[in-house]
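J.: For reference, the structure I am asking about is given below.
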Amino acid sequence: MTEPDPQKSAAKSTAEEPWPVRVVSQKVGAWIAKLGWVWVDGQVAQISRRPGSGVVFLTLRDPSADLSLTVTAHRDVLDAGAPELAEGARVTLHAKPEFYPGRGTLSLRADEIRQVGLGELLARLEKLKRLLGAEGLFARERKRRLPFLPGRIGLITGRASAAERDVLMNTRRRWPAVEFRVINVPVQGPTAVPQIIDALKVLDNDDTVDVIVIARGGGSVEDLLPFSDEALCRAVFGARTPVVSAIGHETDAPLLDYVADLRASTPTDAAKRIVPDLADELRLMEHARSRLDRAVLGMIDRERQRIEAWRSRPVLARPEALLDQRGTEVTALRDRAGRSLEHRLRRADDDLRHTVARLRALSPAATLERGYAIVQRADGHVVRAADEVAAGDLLRIRLADGELQAAVQESE
């Protein structure tokens, strides 16, 4: 087995052999020193120029996060690279991180400071615009339609600003019953972005808010930089509630305009876009009511004319005429039937008389009436010859009126 290295064992911290604070501080300083010189981009949140001191202290803040670092630089470095540097400006500086064991703090020591010019800012914004566009944050198909009449509107704007006054006054002028939940935040400077994002989260989580308006008046490109911040753009993209961007004047176009569900050219325009005009809606309703009345009256008039046309037809004008016509036809048919029946009965009666006359003419009774008689033996046989009877036979002689009984006698 190999023996453990005593130097490596001594370098480890254990519960039995903990490091003193100074050792930890030294090691932290050594680890930080390994980073070396770096270029850092950020926004100046604070500048401290102490009279009589050759050192300038800056607070450098990340525009997209609530993070900041202290930067120290010689006054000559600041005067050479950014003599007009003011709070809120974007800078790029060359610095080395340093750890101060005595206070346990971390800072950056800069040997070069460059203030980001307008051209470079615009170039960065264009690059960020292409990046967000490629990710689909500007896609038209993902933009949500605003409600026709929001029950409550969330407003994020500066305190007592002209933008707040324009949105509230013009919106209430158009629809007096509208409700607002206003959250005032800084709209420029290093703290603007995180506070706007926090306000957006609060309103987005409020189920009573149907639409959110982010409004700010006009300003320079540097003043409107918070509304082109990547973190804010992504926060608006991820919001559940439709967002309206009303930043600056009509010619201003921060990146928030492309991400928002609706872009208003000005705060006043936002008021016109988020609620309908009550007077216009009343006029539209009156116009619609008039059109509906005309349509109903027209329909009633057409139906009345149709009914009048039906009533003017003979079958409805004199419905009894049809009955009279049918009654006449029935009477005529009945008369024809009566005459036909009478004629047939008359013919049948004549035929019957002729038949009776023939029957009577051919009847034996008629012959008897002329004086003839019918002689029958006792068995009913009609005697037609003398040899059909013998002496002593009883005979029945039928006359036209009555009959006689006779007996046959031998002739002498």
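The values are calculated or read from the model by the stated rules, or taken from the named source; none is laboratory data. Just so it is clear, the structure is predicted and the values come from calculations on it, not from any experiment. Cβ sites come from the backbone with ideal geometry, for glycine too, and all protein chains shown count toward neighbours. Surface areas here come from the heavy atoms of the whole protein model, side chains and all, with no ligands, DNA or RNA. Shrake-Rupley method; radii C 1.70, N 1.55, O 1.52, S 1.80 Å.
J.: Starting from the Kirkwood Rh over alpha-carbon pairs, what translational D in µm² s⁻¹ does the chain have by Stokes-Einstein at 37 °C and 0.692 mPa s?
T.: 98 µm²/s
J.: Now for a separate question. To the nearest 20 debye, what is the magnitude of the charge dipole of the stretch 82-131 about its Cα centre, counting +1 on the Cβ of each Lys and Arg and -1 on the Cβ of each Asp and Glu?
T.: 280 debye
J.: Order the following by accessible area, largest value first: Trp175, Trp19, Trp310. Probe radius 1.4 Å; ligands, DNA and RNA are ignored.
T.: My answer, sorted largest first, is Trp310, Trp19, Trp175.
J.: Starting from the Cα-Cα distance between Glu308 and Leu359, subtract it from 0.36 nm times their residue separation and give me the gain in nm to one decimal.
T.: So the extension gain works out to 11.0 nm.
J.: I'd like the antiparallel share, as a percent to the nearest 5, of DSSP beta bridges with both residues in the chain.
T.: Approximately 65 percent, going by the DSSP bridge assignments.
J.: Given an 8 Å cut-off on Cα distances and at least 6 residues of separation, report the relative contact order of the stretch 111-244 as a percent.
T.: Computed over the stretch 111-244, the figure is 29 percent.
J.: Taking a 1.4 Å probe, which of Phe237, Phe227, Phe138 shows the most accessible area, and what order do the others take after it?
T.: Phe237, Phe138, Phe227
J.: Separate question: Based on the Cβ-Cβ distance from Val382 to Asp349, what FRET efficiency comes out when R0 is 41 Å, to the nearest 0.05?
T.: The pair Val382/Asp349 has a calculated efficiency of 0.70.
J.: While we're on this one: At a 1.4 Å probe, what is the % contribution of carbon and sulfur to the accessible area of the chain?
T.: C and S fraction of accessible area: 54 percent.
J.: Going toward the positive end of the dipole of the chain, with +1 on Lys and Arg Cβ and -1 on Asp and Glu Cβ, which of Val244, Ala73, Leu125 do you reach last?
T.: Checking the options against the dipole of the chain, the answer is Ala73.
J.: Taking H placed 1.01 Å from N in the peptide plane, check which residues at least 5 places from Glu112 or on another chain put their amide H under 5 Å from its amide H.
T.: His94
J.: How many angstrom lie between the C-alpha centres of the stretch 312-383 and the stretch 242-307?
T.: 94 Å
J.: If you don't mind, there's one more thing I want to ask. Give the cross-link partners of Lys201 among the lysines, using a straight C-alpha distance below 25 Å as the criterion and excluding same-chain residues fewer than 8 apart.
T.: Within reach: Lys129, Lys143, Lys272.
J.: Shifting gears a bit: Enumerate the whole-percent occupancy of each 10 Å bin, from 0 to the last occupied one, for all C-alpha pair distances of the stretch 178-330.
T.: Pairs per bin, as whole percents: 10, 26, 17, 9, 8, 7, 7, 7, 6, 3, 1.
J.: Can you list residues from other chains, or at least 5 along the same chain, whose modelled amide H is less than 5 Å from the amide H of Val213?
T.: Gly154, Leu155, Ile156, Val244
J.: A further question follows. Below 8 Å between Cα atoms, with a sequence gap of 6+, how large is the relative contact order for the chain in percent?
T.: 10 percent
J.: In Å², and per residue, what accessible area does the stretch 39-156 have when probed at 1.4 Å with the other protein chains present?
T.: Computed with neighbouring chains in place, this is 56 Å² per residue.
J.: Which GluC sites (Glu not before Pro) from the stretch 209-255 combine a DSSP loop assignment with at most 12 other Cβ atoms within 10 Å?
T.: Hits after loop and neighbour filter: Glu250.
J.: If you consider only alpha-carbon coordinates, what radius of gyration and Dmax does the stretch 51-194 have, in Å?
T.: 21.7, 63
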